[in-house]
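The values are calculated or read from the model by the stated rules, or taken from the named source; none is laboratory data. Since this is a predicted model, take the numbers as computed values, not measurements. Please note: Cβ atoms are built from the backbone with ideal geometry, for glycine as well, and neighbour counts cover all protein chains shown. Ligands, DNA and RNA are stripped out before the accessible areas are found, and what is left, the full protein with its side chains, is counted by its heavy atoms. Shrake-Rupley method; radii C 1.70, N 1.55, O 1.52, S 1.80 Å.
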Amino acid sequence: MYSDRVADPALVGVGEVSTSSGEVLPDLYSETFTYRGKELDARGMRMVLQRKLSSDLTATLDYGYGGVLALSKTDVALQDARRDSYVRNRHTAAAKFSGTIPGSKTRWITSYRWISGQALTPVDMFNESAGRSDPYLNVFLRQPIPGTGSLPCHMDAVVDVRNLLAQGYVPVMGQDGRTVYLVQSSRTVRGGVAFTF
């Protein structure tokens with residue numbers, strides 16, 4: 001069981017927007033933006049079941065029910081999104097598999113989180129349980145880089161793909177008349193190198 005209260009949450013959108021209202025902070029490089037959401041005051045519950053299927057494979061199931069911010073109607077302008085948001089209860093379920101590939105020592109996690117309706121925030125946004133996963137289809141890979149034994153650290157290549165199918169996009173009209181989308185999680189592909197000292 002949980003109870004969340006977030007005043008002025010910073011929510012995510014996708015698309016090009018103008019900043020004249022002061023409610024939107026654009027990220028020019030990723031074509032995403034952060035906007036000021038309405039207060040979220042929600043209660044809910046979560047159940048998690050995790051089982052180690054083998055020494056290299058773990059399965060996790062997560063079910064939750066609780067409040068999210070959602071739009072009260074479908075034809076909302078971005079500047080009215082805060083006013084037209086309200087707390088609505090939603091069901092969510094997730095399946096997550098994680099493991100290690102024995103020969104290469106590649107660590108991987110793949111998950112899918114479903115939600116029962118339109119939502120601007122996740123159900124149980126502070127979930128840090130074993131069942132925690134981002135909304136929709138996600139893949140994470142972490143591969144040790146061989147031959148770094150002479151360095152005083154260990155290096156891994158990291159690839160993180162979120163919302164691969166671009167689900168959960170809620171269309172709203174921007175101030176310039178173009179459609180932008182409010183999302184729980186935007187489709188992203190991130191990569192990099194991780195150092196462990």
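Tell me, what ³J(HN,Hα) does each residue in the range 157-167 have, in order and in whole Hz, if you take phi through Karplus 6.51 cos²θ - 1.76 cosθ + 1.60 with θ = phi - 60° and put x for Gly and Pro?
Rounded to whole hertz, the list is 8, 10, 10, 10, 10, 10, 6, 3, 8, 6, 8.
What does the net charge come to around S185 if you take all other residues with beta carbon closer than 11 Å to its beta carbon, with K and R at +1 and D and E at -1?
+2
Run the numbers on the chain and let me know its relative contact order in percent, using alpha-carbon pairs under 8 Å that are six or more apart.
Over the chain, the number comes to 20 percent.
What are the ³J(HN,Hα) values, in whole Hz, obtained from phi via the Karplus relation 6.51 cos²θ - 1.76 cosθ + 1.60 with θ = phi - 60°, for each residue of the range 113-119 in sequence order, with x given for Gly and Pro?
Rounded to whole hertz, the list is 10, 9, 10, 6, x, 4, 7.
With an 8 Å cut-off on Cα pairs and a minimum separation of 6 or more residues, tell me the relative contact order of the range 82-150 in percent.
35
Which shape class, rounded, prolate or oblate, goes with the range 1-101 when its Cα gyration tensor gives a ≥ b ≥ c as root eigenvalues, a/c under 1.5 marks rounded, and past that a/b bigger than b/c marks prolate?
oblate
Once phi is turned into θ = phi - 60°, what whole-Hz ³J(HN,Hα) does the Karplus curve with 6.51, -1.76 and 1.60 give for every residue of the range 73-90, x standing for Gly and Pro?
Result, rounded to whole Hz: 8, 8, 9, 9, 8, 4, 5, 9, 4, 5, 5, 8, 8, 8, 7, 9, 7, 9.
Given the range 108-197 reduced to its alpha-carbon atoms as identical point scatterers, what log10 I(q)/I(0) does the Debye formula return at q = 0.12, 0.23, 0.26 Å⁻¹?
-0.52, -1.12, -1.26
On the protein heavy atoms, probe 1.4 angstrom, tell me the percent of accessible surface of the range 81-158 carried by carbon and sulfur.
On the range 81-158, the fraction of accessible area on carbon and sulfur atoms equals 62 percent.
Accessible area, 1.4 Å probe, largest first: how do K96, K52 sort?
Largest to smallest exposure gives the sequence K52, K96.
Using Cα-Cα distances under 8 Å and only pairs 6 or more residues apart, what relative contact order does the range 129-197 have, in percent?
In percent, rounded to a whole number, it is 35.
What is the sum of charges, Lys and Arg at +1 and Asp and Glu at -1, for the other residues whose Cβ falls under 12 Å from the Cβ of P144?
Once all neighbours under 12 Å are counted, the net charge is +2.
Could you give the accessible area per residue of the chain, probe 1.4 Å, as a whole number in Å²?
57
Just round it to a whole percent: the fraction of Cα-Cα distances in the chain exceeding 28 Å.
The calculated P(r) of the chain puts 37 percent of pairs beyond 28 Å.
Does the range 58-98 classify as rounded, prolate or oblate by the C-alpha gyration tensor (a ≥ b ≥ c root eigenvalues; a/c under 1.5 gives rounded; else a/b over b/c gives prolate, otherwise oblate)?
It comes out prolate by the Cα gyration axes.
Determine which lysines satisfy two conditions relative to K105: a Cα distance under 27 Å, and not lying fewer than 8 residues away in the same chain.
K52, K96
Can you sort L57, L164 by solvent-accessible area, 1.4 Å probe, largest first?
Order by accessible area, largest first: L164, L57.
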